[in-house]
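Asks: Take this structure first; my questions come after.
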Amino acid sequence: MDSIPYDKEMQNTSYLELSQSALNNNIQFIRKNITENRILSCVVKGNAYGHGIDKFVPMLLKAGVKHISVFSSFEAHQVKLATGKKNVTIMIMGDISEEDFEWVIKSKIEFFVFDIYRLKRAIELAKKLKMKALVHLEVETGMHRLGLEKEELPIALELLKENKKYIQFKGICTHYAGAESVANHIRVKDQIKRFNRALTFFKKNNFEPDLVHAACSAASLRFPKTRGDLVRIGILQYGFWPSEETFITYCNKRNDYSNPLSPVISWKSRVMSLKRVKVGEFIGYGNSYMANENKKLAVIPLGYTNGFARSLSNSGRVIINDFRTQVVGTVNMNAITVDVTALDNIAIGDEVILIGKSDSAEVTVSSFANFTDQLNYEVLARLPKDIERRVV
Ligand SMILES: *Cc1c(COP(=O)(O)O)cnc(C)c1O
């Protein structure tokens with residue numbers, strides 16, 4: 001009885017493969033085209049856009065990245081676990097739980113301050129700890145999510161001046177509301193103006209931060225002047241464009257239509273079972289798919305519980321043995337069936353690519369996203385947390 005190895009590592013029904021060489025390529029592209037002499041802060045919120053903070057952050061370190069941005073104190077802790085004692089700056093752009101605020105300050109983690117409440121709390125805690133809190137003031141410029149209003153800037157200025165001993169004015173920043181689409185052009189231009197006014201306010205008062213930053217991936221591509229001292233890059237590092245429009249704009253400018261980015265992620269599973277059905281039979285639950293000929297089917301052990309959206313019923317694509325084929329019937333909780341009638345040499349256990357590339361076929365995240373009406377950001381961020389990430 002006691003010889004059963006309960007600590008054995010088990011194989012889940014699918015896994016994600018993360019490519020270090022793809023990441024190196026993307027970071028190089030960003031450094032060459034965007035960062036130049038600026039600080040590159042790599043955004044790993046949303047579990048590193050689904051890639052998995054614990055595996056992805058060490059890959060960033062290997063690629064030479066030294067500045068990492070997250071949404072919450074919870075994620076900052078995960079990054080800290082992944083970086084250990086390495087010299088990496090961590091910046092929280094959003095939530096800090098009250099219980100963990102002291103930990104954030106003690107750990108010298110930088111954070112956004114977007115209201116007077118948080119600024120006062122930071123000062124209180126820094127005094128108590130006899131330490132400096134490292135603050136980036138986030139300014140409201142028109143996104144209307146987080147940020148200090150114009151009227152609050154003088155209050156923030158006074159608080160910062162009075163508490164120089166406890167607050168280091170690390171940065172001033174904002175975030176643009178949809179720089180990935182020309183539909184928001186005027187709104188973003190207005191935001192840039194308002195941000196510049198806020199900068200002028202601090203300059204006039206001879207109280208300036210170490211760093212000015214505003215640009216995400218889309219803004220740094222479309223509005224190069226927003227790049228400032230630091231850029232906060234998320235989606236590009238993973239090998240995806242913020243939108244098709246940003247990719248096309250980038251290509252048009254250079255008159256070169258090859259994609260310089262490579263996706264870091266692939267999602268893979270295997271054939272669980274094979275079966276034949278006769279013409280006229282319905283496949284799976286209900287009657288959404290009837291075989292229009294004698295068919296061979298492969299069952300893949302993965303469904304909507306694993307992030308393979310139900311809206312991919314009868315439309316999702318997968319690759320088996322370098323052949324791109326289609327889901328038939330509805331996506332179940334734990335299984336899909338795909339049409340493999342054309343494949344002669346298929347066997348149980350063969351690799352199935354749900355997202356990624358084989359020699360001559362590809363299923364992209366954006367095709368996946370188009371079928372499900374999701375953003376590529378959403379498809380990535382919803383990738384299951386509990387499956388293995390294999391770095392290759
Ligand atoms: C998510 C986020 C970014 C990065 O956005 P990408 O489009 O992925 O580059 C930058 N800044 C803030 C405040 C964010 O929330």
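Asks: Among the numbered criteria (1) under 20 Å from ILE105 (Cβ atoms); (2) surrounded by fewer than 17 Cβ atoms within 10 Å (Cβ to Cβ), which one does LYS150 miss?
Replies: Exception for LYS150: condition (1).
Asks: Cβ-Cβ distance below 7 Å, separation of 6 or more or different chains: which pairs start in the stretch 212-227 with a residue that is under 17 Å from ALA198 (Cβ atoms) and end on one that is away from the ligand (no atom under 11 Å from the Cβ) and of a type in the set (Phe, Trp, Tyr)?
Replies: Every condition considered, the pairs that remain are ALA214/PHE195.
Asks: For the stretch 169-188, state whether one or more residues are outside any helix (DSSP H, G or I), surrounded by 18 or more Cβ atoms within 10 Å (Cβ to Cβ), in contact (Cβ under 8 Å) with a residue 24 or more places away in the chain and away from the ligand (no atom under 16 Å from the Cβ). Can you show your working first?
Replies: Kept after step one, since they are outside any helix (DSSP H, G or I), are these residues of the stretch 169-188: 169-181.
Checking which are surrounded by 18 or more Cβ atoms within 10 Å (Cβ to Cβ) leaves us with 169-176, 179-180.
Okay, now just the ones that are also in contact (Cβ under 8 Å) with a residue 24 or more places away in the chain, so 169-176, 179-180.
Next, only the ones that are away from the ligand (no atom under 16 Å from the Cβ) stay: 169.
Yes - at least one qualifying residue is present in the stretch 169-188.
Here's the yes/no breakdown for (1) of a type in the set (Ser, Thr, Tyr); (2) within 23 Å of the chain's Cα centre (by Cα); (3) surrounded by 22 or more Cβ atoms within 10 Å (Cβ to Cβ):
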site: ASP54; (1), (2), (3): no, yes, no
site: MET59; (1), (2), (3): no, yes, yes
site: PHE71; (1), (2), (3): no, yes, no
site: THR89; (1), (2), (3): yes, yes, no
site: ILE92; (1), (2), (3): no, yes, yes
site: ASP100; (1), (2), (3): no, no, no
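Condition check ((1) of a type in the set (A, V, I, L, M, F, W, C); (2) closer than 24 Å to LYS120 by Cα) across all residues:
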site	(1), (2)
ILE167	yes, yes
HIS185	no, no
LYS189	no, no
ARG194	no, no
ALA215	yes, no
THR226	no, no
GLY234	no, no
GLN237	no, no
SER243	no, no
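For every residue, the table says whether it meets (1) of a type in the set (A, V, I, L, M); (2) on the phi < 0 side of the Ramachandran plot; (3) in contact with a Ser or Thr (Cβ under 9 Å, 6 or more places away or on another chain); (4) at pLDDT 95 or above.
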position: LEU297; (1), (2), (3), (4): yes, yes, yes, yes
position: ASN314; (1), (2), (3), (4): no, no, yes, no
position: ILE319; (1), (2), (3), (4): yes, yes, yes, yes
position: VAL328; (1), (2), (3), (4): yes, yes, yes, yes
position: VAL338; (1), (2), (3), (4): yes, yes, yes, yes
position: GLU362; (1), (2), (3), (4): no, yes, no, no
position: PHE368; (1), (2), (3), (4): no, yes, no, no
position: LEU375; (1), (2), (3), (4): yes, yes, yes, no
position: LEU380; (1), (2), (3), (4): yes, yes, no, no
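Asks: Here's something else I'd like to know. In the stretch 321-361, which residues are farther than 28 Å from LEU261 by Cβ, in contact with a Leu (Cβ under 9 Å, 6 or more places away or on another chain) and without any contact (Cβ under 8 Å) to a residue 40 or more places away in the chain?
Replies: Those that are farther than 28 Å from LEU261 by Cβ, in contact with a Leu (Cβ under 9 Å, 6 or more places away or on another chain) and without any contact (Cβ under 8 Å) to a residue 40 or more places away in the chain: VAL331, ILE336.
Asks: Does any residue in the stretch 93-112 that is in the same structural domain as PHE71 (by TED's automatic domain parsing) and among the small types (Gly, Ala, Ser) come within less than 6 Å, Cβ to Cβ, of a residue that is within 16 Å of the ligand (Cβ to nearest atom) and not in a loop (DSSP other than H, G, I, E, B) six or more places away or on a different chain, and which pairs are these?
Replies: SER97/SER73
Asks: Which condition from (1) under 26 Å from LEU383 (Cβ atoms); (2) more than 16 Å from the ligand (Cβ to nearest atom) is the one that ILE233 breaks?
Replies: With respect to (1) under 26 Å from LEU383 (Cβ atoms); (2) more than 16 Å from the ligand (Cβ to nearest atom), ILE233 is out only on (2).
Asks: Shifting gears a bit: Among the listed residues ALA76, ALA22, ALA82, which satisfies the condition of being in contact with a strand residue (DSSP E or B) (Cβ under 7 Å, 6 or more places away or on another chain), among the small types (Gly, Ala, Ser) and crowded, with 19+ Cβ neighbours inside 10 Å?
Replies: Residue meeting the stated conditions: ALA76.
Asks: Name the pairs whose Cβ atoms lie under 6 Å apart, with the first residue in the stretch 191-209 and assigned by TED's automatic domain parsing to the domain that holds CYS173, the second among the β-branched types (Val, Ile, Thr) and crowded, with 16+ Cβ neighbours inside 10 Å, and 6 or more positions between them or separate chains?
Replies: Listed pairs, sorted by first residue: GLN191/THR141; ARG194/THR141; PHE195/THR141; PHE195/THR174; ALA198/VAL139; PRO209/ILE172.
Asks: Can you tell me which residue in the stretch 284-313 is nearest to ASP350 (Cα to Cα), limited to those that are surrounded by 16 or more Cβ atoms within 10 Å (Cβ to Cβ) and free of Cβ contacts under 8 Å to residues at least 40 places away in the same chain?
Replies: Once the filter is applied, the top-ranked residue is VAL299.
Asks: Pairs, please: C-beta under 9 Å, at least 6 apart or cross-chain, first residue surrounded by fewer than 10 Cβ atoms within 10 Å (Cβ to Cβ) and in the stretch 246-261, second part of a helix (DSSP H, G or I)?
Replies: Pairs found: SER258/CYS251.
Asks: Examine the stretch 362-380 for a residue that is in contact (Cβ under 8 Å) with a residue 12 or more places away in the chain, assigned to a loop (DSSP other than H, G, I, E, B) and of a type in the set (Asp, Glu), and state whether such a residue exists.
Replies: yes
For every residue, the table says whether it meets (1) free of Cβ contacts under 8 Å to residues at least 40 places away in the same chain; (2) outside any helix (DSSP H, G or I).
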position	(1), (2)
ARG118	yes, no
LYS127	yes, no
MET131	yes, yes
LEU134	yes, yes
LEU137	no, yes
HIS144	yes, yes
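The values are calculated or read from the model by the stated rules, or taken from the named source; none is laboratory data. Everything numeric here is computed off the predicted structure, so don't read it as measured data. All Cβ positions, even for glycine, are placed from backbone atoms using ideal geometry, and neighbour counts span all protein chains on display.
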